[in-house]
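Take a look at the structure below.
The numbers here are math on the coordinates, done by the rules we state, and not lab data. Source: prediction; values computed, not measured. Cβ coordinates were reconstructed from backbone atoms using ideal geometry, including for glycine residues, and neighbour counts include every protein chain displayed.
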C-alpha cells in the first residue's frame, strides 16, 4: 500500500472554528476541587520484584477533571495509570473508583467496572488480527446483545467523532499511520461512552500537527461527553493544552527516602515559575545537573 | 610510599574460598527460588484457566479459529510423521525379529508401540512444535504490544478470551490427532512390512489382533489429553509472561516447546506406570509377546 492509497491522516470532522473555540474555552472552571472524586489513589505503593516504582502516592481526581500526569521516563506514570484501572495491583495502598476499593472486587465485578473506563494506549494496542471496524466494535460485542446494524452505525459515528471516515472500516491496523491508529484507539475507547478516559502518552511519536489533532480530540471529547480524563504525557505542550490540573511524579531513585514522589500538583499555569527547580527544569526541557552526572566517571 | 607492585590491591588478590562458596550458594539459591516461584505462578495460572472454564463457556467465535488452527492445520504434519514412524519401526525391528524367526510378530510390535507410546507422544511433540510455539509467540507479541492489557481495560478477562479457547482446542483435538498418527503409523508399518519386506499379511494382522487391544488404544488416547492440556497451559503461560522485545518473544516460543516437551515425557512416564498398574490389576494374566 502506498502512502497515497491511505485514507487522509487529517481528521475531517474538525475545522478551524472548532479548534479556536475549544482553545478559547476556559478549562477547569467547571470542576470544583470539592467535588467527590471519581478516582482516588490512597498511599499507593507499587513494587516489581524488589524494585519500588511508586511510593505512597495519593491522588484525588474529581468528576469531569482532566488531569495530566507528567514526569521523566521511568518515574512510574504509566504504572500509576494502569493501577487506576487495576491492570497493575498495588503492593500497598488502595485505588477507589466511586468509593469502591478495586482490590476488593471479584474478577467479574472488576470486569464489569472496567466497562466504565476507556483506555487509549501509547501505541493504540489495536488487535492486529482484526479489521478497524472489528477493533472499534470489540467492546460492544463483548458487552453482549450486539446488534450488527446498530453496532455498525455506532462504530461509524465514533470513527467520525475522531475524524476518520468509514473507508477505514475494512482495513487492518498495519495499513494505517501512527496518528490514525491512535485515533482508532480513541474511537474504541469511546465506543461505550466511558465515565473515565485514560490516555497513555497520546502524542508520543507523532508529528506536531498530528499531536495537536490528538490534543483537540481530547478537548473535543470532553466537550461532547462528561468524562473524567487522566493523560500521562511528557509532552508539555499537550499537558498545558488539555489539562485542568497537572501532577508531576519524580523517579524514586533520585528522591530522599522521606520525600514525596509527587513534586507538583496544581494548575498548568503554575509549572513555569514553580519554586522547585526540578519542576522548572522538566518543563523547560533543561538537562541541568544530569549532564554533569553523565560526564562523571 | 607503597606501590602497586609492593602491596597488591584487594582486586588483584585471589577470591577467598568462603566468598566463592557463598557466591555459588547464593546463585543456586536464586535459581531454586526462581524455579519455585515460576512453578507457583504456573499453578495459579492453571487454576485461573479452570476457574474461567467453569465460570463461563467461551464464545464459538473465539473457539472455532483455535479449533481450526490446532486440529485441521496440524493434521497433515501429524499424519506424515505417523506414517514415517510406522515404516521406521518396521525397518529397525525386522532384522532382529528375523534372527528369531518371529518376523510375523512385527505387526504386534509396531502397532502396540504406535498406539500406546509413539502415536500420542509424536502427535503431542508435533503439536508442541507447531502450535505451542505459535501460541507463545502470538500471546507474547500481544503482551509486548499491550494488546492483553487492552483486553483487560475493555472488561474482557484475557485468560477467558485468549487461554480458555486454546486450552479447549488442544485438549479436545489432540485425541483426533493421535488417532490419525496411530492410523497412519499402522498403514506405514503395514506397507513396509507386507509390501516391501514381504511378511505374510495374514499372520501380521493375526498377531496384531492378539496383542493390541482396546485398552491399548484407550491408553494412547487418554494420555494424549494430558499432553494437549500441558502444551496449552505451558505455551499460554510462557506467552502471558513474555519479556519485552523481540528477544523476549523468541525466548517465550522456544521455552514453550522445550518445557512442553519435557512435561510430555514426564507425564508419559507417570501415566505409563499408573495405566500399566491399572491394566495388570484388571487383567493379571495380561498379554506376552513371546
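What's the angle, to the nearest 10 degrees (0 to 90), between helix A:132-143's Cα axis and the longest principal axis of chain A?
80
Have a look at the DSSP beta bridges in chain A and tell me what percent are antiparallel, nearest 5. Walk me through the intermediate numbers first.
Working: 19 of 36 bridges.
Just about 55 percent of them are antiparallel.
So what's the angle, to the nearest 10 degrees on a 0 to 90 scale, between helix B:245-282 and the longest Cα principal axis of chain B?
40
Order by neighbour count: B:241, A:237, B:160, fewest other Cβ atoms within 10 Å first, most last. Spell out each step's value before the answer.
On the way: B:241 18, A:237 13, B:160 23.
The most exposed by this proxy come first: A:237, B:241, B:160.
Distance from a point 7 Å along Cα→Cβ of residue B:282 to each backbone N in region B:97-120: keep the residues under 17 Å and list them by number.
B:115-117
Under a point spin-label approximation (7 Å from Cα along Cα-to-Cβ), what is the residue B:215-residue A:237 distance to one decimal in nm?
Between residue B:215 and residue A:237, the simple spin-label model gives 7.9 nm.
Over the protein assembly as shown, what per residue volume does the convex hull of the Cα atoms give, in whole Å³? Display every interim value, and only then the final one.
Working: hull volume 154.3 nm³, N = 587.
So the per-residue Cα hull volume is 263 Å³.
In the Gaussian network model of chain B, springs joining C-alpha atoms below 10 Å, which of B:182, B:149, B:23 carries the largest mean-square fluctuation?
It is B:23.
If I model a spin label at residue B:75 and residue B:33 as a point 7 Å from the Cα along the Cα→Cβ vector, what separation in nanometres do I get?
Rounded to a tenth, the inter-label distance reads 5.1 nm.
Rounded if a/c is under 1.5, else prolate if a/b beats b/c, else oblate: with a ≥ b ≥ c from the C-alpha gyration tensor eigenvalues square-rooted, which is chain A?
Values: a/c = 1.67, a/b = 1.36, b/c = 1.23.
Since a/c reaches 1.5 and a/b is larger than b/c, the shape of chain A is classed as prolate.
May I have the pair-distance distribution P(r) for chain B, computed from all Cα-Cα distances with 5 Å bins from 0 and rounded to whole percent?
Calculated over all Cα pairs of chain B, the distribution is 1, 5, 10, 12, 13, 12, 10, 8, 7, 6, 5, 4, 2, 2, 1, 1, 1, 0, 0, 0 percent.
Percent relative contact order of region A:114-233, based on C-alpha pairs within less than 8 angstrom and at least six residues apart? Before the final figure, lay out each step's value.
Numbers: 182 pairs, mean separation 44.3, N = 120.
That works out to 37 percent.
Can you give the relative contact order of chain B as a percent, counting alpha carbon pairs under 8 Å and 6+ residues apart?
On the way: 350 pairs, mean separation 82.3, N = 290.
Here the relative contact order equals 28 percent.
Take every residue in peptide A:136-143, count the Cβ atoms of other chains within 10 Å of its Cβ, and give the average of those counts.
Values: counts 0, 0, 4, 4, 1, 3, 7, 3.
Partner-chain Cβ atoms within 10 Å, mean over residues of A:136-143: 3.
Restricting to Cα pairs below 8 Å that are 6+ residues apart, what does the relative contact order work out to for chain A? Please round to a whole percent. If you can, show how the numbers build up before the last one.
Values: 509 pairs, mean separation 70.0, N = 297.
After rounding, I find 24 percent.
Roughly what % of DSSP beta bridges within the protein assembly as shown run antiparallel, to the nearest 5? Write out the running numbers ahead of the final one.
Numbers: 19 of 36 bridges.
Restricted to the protein assembly as shown, the bridges split so that about 55 percent are antiparallel.
Take peptide B:153-163, look around each residue's Cβ out to 10 angstrom, count Cβ atoms belonging to other protein chains, and average those counts. Walk me through the numbers before you get to the answer.
Values: counts 17, 16, 13, 8, 6, 0, 1, 2, 1, 0, 0.
Neighbouring Cβ atoms belonging to other protein chains average 6 per residue here.
I need the semi-axes of the equivalent ellipsoid of region A:218-269: take the C-alpha gyration tensor, multiply each eigenvalue by 5, square-root it, list largest first in whole angstrom.
On the way: eigenvalues 148, 22, 17 Å².
After scaling each eigenvalue by five and taking roots: 27, 11, 9 Å.
Past the 19 angstrom mark, what percentage of all C-alpha to C-alpha distances in region A:239-297 do you count?
Working: 617 of 1711 pairs.
That fraction is 36 percent.
Determine, at each q value in 0.11 (inverse angstroms), the log₁₀ of I(q)/I(0) that the Debye formula gives when each Cα of region B:220-290 is one equal point scatterer.
The calculated log intensity ratios at q = 0.11 Å⁻¹ are -0.41.
Using the Kirkwood formula on the Cα atoms of region A:138-178, what hydrodynamic radius do you get, in angstrom to one decimal? All intermediate terms of the calculation are to be shown ahead of the outcome.
Working: mean 1/r = 0.0887 Å⁻¹.
With all distinct Cα pairs of region A:138-178 included, I get 11.3 Å.
Which translational diffusion coefficient, to the nearest whole µm²/s, is obtained for region B:100-194 from the Stokes-Einstein equation, given a Kirkwood hydrodynamic radius over C-alpha pairs, 4 °C and 1.567 mPa s? Can you show the working numbers first?
On the way: Rh = 16.0 Å.
Result for D is 81 µm²/s.
Taking beta carbons within 10 Å but only from partner chains, what does the mean come to for residues B:143-150? Provide the component values of the computation, followed by the final result.
Numbers: counts 0, 0, 8, 10, 8, 2, 8, 13.
Taking all residues of B:143-150 together, the mean is 6.
Computed over the Cα atoms of region A:186-297, what is the convex hull's projected area averaged over all directions, in nm²? Walk me through the intermediate numbers first.
Values: hull surface 36.6 nm².
Directional mean of the projected Cα hull area for region A:186-297 stands at 9.1 nm².
Using just the helices of chain B, give the 222 nm mean residue ellipticity in deg cm²/dmol: DSSP H runs with n ≥ 4 each add -39,500 (n - 2.57), and the total is spread over all residues, rounded to 500. Mind showing how you got there, number by number?
Details: 11 runs with 211 residues, N = 290.
Helix-only estimate at 222 nm: -25000 deg cm²/dmol.
How would region B:139-290 be classified by its alpha-carbon gyration tensor: rounded, prolate or oblate, with rounded meaning a/c under 1.5 and the a/b versus b/c comparison settling the rest?
Values: a/c = 3.09, a/b = 2.31, b/c = 1.34.
Prolate, since a/c reaches 1.5 and a/b exceeds b/c.
Beyond 21 Å, what share of the Cα-Cα pairs of region A:61-182 is found? Please give it as a whole percent.
Everything past 21 Å amounts to 52 percent.
For chain A, what does -39500 (n - 2.57) per DSSP helix run (n ≥ 4), summed and divided by total residues, give at 222 nm, in deg cm²/dmol to the nearest 500? Write out the running numbers ahead of the final one.
On the way: 10 runs with 102 residues, N = 297.
It lands at -10000 deg cm²/dmol.
If each Cα of region B:49-171 is one equal point scatterer, what is log10 of I(q)/I(0) from the Debye formula at q = 0.17, 0.19, 0.20 Å⁻¹?
Relative scattering, expressed as log10 I(q)/I(0), comes to -0.90, -1.03, -1.09.
For helix B:201-211, what angle does its Cα long axis make with the longest principal axis of chain B, in degrees from 0 to 90 and rounded to 10?
60
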